[in-house]
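Below is one structure, written out as structure tokens; comments come after it.
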Amino acid sequence: HTRTVFRGTGSYLPSRILTNDELAKTVDTTDEWIVQRTGIRQRHIAAEGELTSDLAAHAARAALDAAGVSIADVDIVIVATTTPDLTFPATAAIVQQKLGMHNGLAFDLQAVCSGFVYAVATADSMLKNRLGRRALVIGAETNSRILDWTDRTTCVLFGDGAGAVVLELAEGEADTDPGILASSLRSDGHHWQKLYTDGGPSASRSMGRVKMEGREVFKHAVGMITDVVQNVFAETGYSVADLDWFVPHQANRRIIDGAGAKLGIPPEKVVVTVDSHANTSAASVPLALDTAVRDGRIRRGDLVMLEAMGGGFTWGASLIRW
Ligand code: ACO
């Protein structure tokens, strides 16, 4: 019997911080409105010329260091992103080059904000099917490049950043052995027009900008999140009472609080970074995870639930014995 174990985590945030007050100088908004509706106080913005692959490579190096694993020992690289450097090749291939990796395989995964959770479940399946022994799973975004900076209903919500984990196939089957216990992934494409970019290579020969029906996303988010979290609990036989840490996608404080309350998770077990990172899409879960691992909250043996929901709609959850 095998388990996919989290060997190390890493993250990277561009140095430039954009506060709500600064944003209020260029669009008709206020710090008070943004904080009250979203919990966001600031976001990081990539420098000119700093690409998604750069953010991803920084986060990957930090995760490899934490894991004590050399890039030569990695077999699979998955980059979850909605903001690839180029239409092709995969940003993961560019990351491979930046990390000096010649072996293995690399590809991108597109599930918008759920991308990292999808990528963890994908890597877990690939490792268990012996397509490799170690995987580098990265969520990386330069959301600032696809925002309409004149649209106050979207531009205040997002930020740039990257997070990464090193996953490794290990022996183990006991409940207390570390590893991914179960994942649940869902999507329903009927909702795609509620959150999308109004352009892309095939539709418009361009890139497009983020369009969102905020209230519609909000309306569906809590129900979809609780659905997959409960699926994972049902699959594993664990319950909310057993959970040590809940690491949700960081889109909006009100969605996080709403999902936590509906699931009955005490607020002190919920990792929140949306105040300082804003919504970094596929990077949000690994950024929050790395934050809580490095500050000592998440420890070996803890039961950790990852969860995300985003464009598509897509949504998913994963339960991990840390
Ligand atoms: N500053 C000031 N006023 C604003 C701003 C702003 N940045 N944005 C919108 N408003 C105004 C609106 O124009 C509206 O004015 P009106 O009443 O005169 O028409 C008023 O504020 C209320 O707007 P609503 O959209 O109803 O505000 P709501 O309380 O729904 O909050 C928000 C908007 C924050 C977008 C919320 O709907 C939300 O969080 N939705 C979830 C969307 C989300 O998180 N998406 C992230 C991507 S998806 C994901 O990652 C899960």
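Collect the residues in segment 86-105 that are free of Cβ contacts under 8 Å to residues at least 40 places away in the same chain and surrounded by 22 or more Cβ atoms within 10 Å (Cβ to Cβ), keeping them in residue-number order. Gln96 - this is the single residue of segment 86-105 that is free of Cβ contacts under 8 Å to residues at least 40 places away in the same chain and surrounded by 22 or more Cβ atoms within 10 Å (Cβ to Cβ). Counting only strands (runs of 3 or more DSSP E) that sit completely within segment 194-256, those holding 2 or more residues that are touching a helix residue (DSSP H, G or I) at 6+ places or on another chain (Cβ under 6 Å) and more than 15 Å from Asp151 (Cβ to Cβ) correspond to 245-248.
Quick grid of which residues meet (1) among the aromatic types (Phe, Trp, Tyr); (2) in contact with a Cys (Cβ under 6 Å, 6 or more places away or on another chain); (3) in contact (Cβ under 8 Å) with a residue 24 or more places away in the chain:
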site: Val166; (1), (2), (3): no, no, yes
site: Asp175; (1), (2), (3): no, no, yes
site: Ala182; (1), (2), (3): no, no, yes
site: Leu185; (1), (2), (3): no, no, yes
site: His190; (1), (2), (3): no, no, no
site: Tyr196; (1), (2), (3): yes, no, yes
site: Gly199; (1), (2), (3): no, no, no
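Can you find a residue that is free of Cβ contacts under 8 Å to residues at least 60 places away in the same chain and not aliphatic (A, V, I, L, M) anywhere in segment 287-296? Yes: one or more hits.
Looking only at residues that are assigned to a helix (DSSP H, G or I) and within 14 Å of the ligand (Cβ to nearest atom) in segment 122-180, which one is surrounded by the fewest Cβ atoms within 10 Å (Cβ to Cβ)? Here the answer is Thr153. Looking only at residues in segment 189-223 that are more than 12 Å from the ligand (Cβ to nearest atom) and basic (Lys, Arg), which one is surrounded by the most Cβ atoms within 10 Å (Cβ to Cβ)? Residue satisfying both the conditions and the ranking: Arg209. Inspect segment 45-64 for any residue being under 25 Å from Ile255 (Cα atoms), surrounded by 14 or more Cβ atoms within 10 Å (Cβ to Cβ) and in contact (Cβ under 8 Å) with a residue 24 or more places away in the chain and give the result as yes or no. Yes, segment 45-64 contains a residue that is under 25 Å from Ile255 (Cα atoms), surrounded by 14 or more Cβ atoms within 10 Å (Cβ to Cβ) and in contact (Cβ under 8 Å) with a residue 24 or more places away in the chain. Scanning segment 27-42 for residues that are part of a helix (DSSP H, G or I) and not β-branched (Val, Ile, Thr), we see that the one that is nearest to the chain's Cα centre (by Cα) is Arg37. Candidates are the residues of segment 236-277 that are within 20 Å of Gly312 (Cα to Cα) and of a type outside the set (S, T, N, Q); the one that is nearest to the ligand (Cβ to nearest atom) is Ala251. Would segment 247-255 turn up any residue that is surrounded by fewer than 20 Cβ atoms within 10 Å (Cβ to Cβ) and polar (S, T, N, Q)? No, segment 247-255 has no match at all. Restricting Thr29, Thr52, Thr9, Thr87 to residues that are outside the structural domain of Ala278 (by TED's automatic domain parsing) and within 16 Å of the ligand (Cβ to nearest atom) narrows the list to Thr29.
Considering Thr30, Thr38, which residue is under 28 Å from Ile298 (Cα atoms) and of a type in the set (Ser, Thr, Tyr)? Step by step, each of Thr30, Thr38 is checked, and only Thr38 is under 28 Å from Ile298 (Cα atoms) and of a type in the set (Ser, Thr, Tyr). Hey, does segment 255-275 have a residue that's within 15 Å of the chain's Cα centre (by Cα), aliphatic (A, V, I, L, M) and within 20 Å of Leu195 (Cα to Cα)? Yes, that holds for at least one residue.
The values are calculated or read from the model by the stated rules, or taken from the named source; none is laboratory data. Quick caveat: nothing in here was measured; it's all calculated off a predicted structure. For neighbour counting, all protein chains shown are included, and Cβ atoms are generated from backbone atoms with ideal geometry for every residue, glycine included.
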